[in-house]
Amino acid sequence: MTHYDVHGVSIPALGLGTWQLTGDDARRGVEHALSIGYRHIDTAQIYRNEAEVGAGLAASSVSRDDVFVTTKVWRDHVAPSRLAASVDESLRKLGTDTVDLLLLHWPVDEVELEAQLEALVAIRDAGKARAVGVSNYPAGLLRDALELVPDLATDQVEHHVLLGQDRLLDVVRPRMVLTAYSPLAQGEALSNETVREIAEARGVGPAQVALAWLLGQDRVAAIPKASSDAHRAANLAAADLVLTADERAALDALPKDHRTIDPDFAPDWDA
Ligand code: NAP
């Protein structure tokens, strides 16, 4: 599997997303994913499953050192006065002294960007995160953030065959990685006719086609969520699927304006 070496960490291009995996599904899901070869797990404080993700990491026979673990700080904890305690709580739940990647989950206008980023970097300097980054930052805001902290490792944003990120990728490459969340458009990509036609012709599932389109892009990682063992295995196999130029061109040509995650606190995506 491709790994992206960026600012002192090596990010596996395919990871397991864990939003909406709770309780035993999260614990067992993480343990199963590691047992079949995943080495990248994505969680967040707001998913309320860090303890179960931590239990899955602990139960696995795969060493913690061999797993790339990301968590994220929720919006009401990004103020410098709150961030350190919030991260300590995440680490305690995850059962680890350090996460591989710590992200600010969403832009927050109410706290100065410089103050948020300074507090984030202080966590890294204290050894509690090996790398830091952001999530849901549009291109202009990411540029501002990179002026303040040039070694941000990733911007985690929605990206899939139905939603393009060309403007953001121009900022990201080559210095960081774009981590594609909802890489299956929360399942909607799987019913797309072009995706299905390619899947049928290649004898693979539509999820593999959608993921292979993402993973075929330089500096793009993807973190599909899957509740079942079969879906997790199918998604992992996408790392070995190489689409032809014609298949890529057909997927490139799909309309790229379908956003599935757009809460009322979202930034202006064109900023
Ligand atoms: P997603 O990964 O695009 O799609 C998940 C859906 O696809 C689930 O319904 C899942 O069903 C289904 N699925 C997965 N693999 C499949 C397969 N091989 N065949 C058929 N169906 C399949 O959606 P997501 O959970 O929104 O995004 C993935 C991860 O990104 C999240 O878990 C989270 O870690 C991260 N994320 C981050 C943010 C952010 O603000 N930073 C926002 C959203 C998501 P089953 O569960 O039944 O397998």
Using only the alpha-carbon atoms, what does the range 98-149 span along each of its principal axes? Please give whole angstrom values in decreasing order. 29, 19, 17
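Report, in cubic angstrom per residue, the convex hull volume of the C-alpha atoms of the chain.
So the per-residue hull volume is 114 Å³.
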Residue 177 long-range amide H proximity, modeled H, under 5 Å: 154, 155
DSSP loop (so not H, G, I, E, B), at most 16 other Cβ within 10 Å: list which trypsin sites (Lys or Arg not before Pro) in the range 16-123 pass both filters. 48
Go through 61, 86, 191 and list them by solvent-accessible area, largest first, probe radius 1.4 Å. 61, 191, 86
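Find the Rg to Rh ratio for the range 1-131, where Rh is the Kirkwood radius over alpha-carbon pairs and Rg uses the same atoms.
On the way: Rg = 14.3 Å, Rh = 14.9 Å.
Rg divided by Rh gives 0.96.
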Enumerate the calculated ³J(HN,Hα) couplings along the range 189-204 in order (Karplus 6.51 cos²θ - 1.76 cosθ + 1.60, θ = phi - 60°), each rounded to whole Hz, writing x wherever the residue is Gly or Pro. 5, 6, 9, 5, 4, 5, 4, 5, 4, 5, 4, 5, 4, 8, x, 10
7 Å from Cα along Cα→Cβ at both residue 20 and residue 115: what's the point-to-point distance in nm? 3.5 nm
For the chain, what is the relative contact order in percent, using Cα pairs closer than 8 Å and at least 6 residues apart in sequence? 19 percent
Tell me which residues come under 5 Å, amide H to amide H, from residue 40 once H is placed; ignore anything under 5 positions away on its chain. 16, 68
In sequence order, calculated HN-Hα J values of the range 141-149 (Karplus, 6.51, -1.76, 1.60; Hz; x Gly/Pro): 5, 5, 4, 4, 5, 5, 5, 7, 9
On full extension of the chain, what length is gained from residue 270 through residue 144, given 0.36 nm per residue of separation minus the C-alpha to C-alpha distance? 43.9 nm
Count the lysine pairs in the chain whose Cα atoms lie under 23 Å apart, taking only pairs 8 or more positions apart in sequence or on different chains. 6
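Averaging the inverse of every distinct alpha carbon separation and then flipping it gives the Kirkwood radius. What is it for the range 31-88, in angstrom units?
About 12.4 Å, per the Kirkwood formula over Cα pairs.
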Sum of -39500 (n - 2.57) over DSSP H runs of 4+, divided by residues of the chain (222 nm, nearest 500): -11500 deg cm²/dmol
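Kindly report the accessible area of the range 19-84 per residue (heavy atoms of protein chains, probe 1.4 Å, no ligands, DNA or RNA), in Å². Don't jump to the answer; show the numbers that get you there.
Numbers: 2810 Å² over 66 residues.
Computed with neighbouring chains in place, this is 43 Å² per residue.
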Estimated vicinal HN-Hα couplings, Hz - the range 20-26 in sequence order (Karplus 6.51, -1.76, 1.60; Gly, Pro = x): 6, 9, 10, x, 5, 4, 6
Mind listing P(r) for the range 167-266? All alpha-carbon pairs, 5 Å bins, whole percents. 2, 12, 22, 26, 20, 11, 5, 1, 0
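If Lys and Arg each add +1 and Asp and Glu each add -1, what is the summed charge of the other residues whose beta carbon sits under 10 Å from the beta carbon of residue 186?
Summing Lys and Arg as +1 and Asp and Glu as -1 gives -1.
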Heavy-atom accessible surface of the range 180-271: percent carbon and sulfur, 1.4 Å: 49 percent
What are the radius of gyration and Dmax of the range 72-167, computed over its Cα atoms and given in Å? 13.3, 40
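The values are calculated or read from the model by the stated rules, or taken from the named source; none is laboratory data. The structure displayed is predicted, hence computed values, not measured ones. Glycine gets a Cβ as well: all are built from the backbone with ideal geometry, and neighbour counts include every protein chain shown. Ligands, DNA and RNA are excluded from the accessible area calculation, which covers all protein heavy atoms including side chains. Shrake-Rupley method; radii C 1.70, N 1.55, O 1.52, S 1.80 Å.
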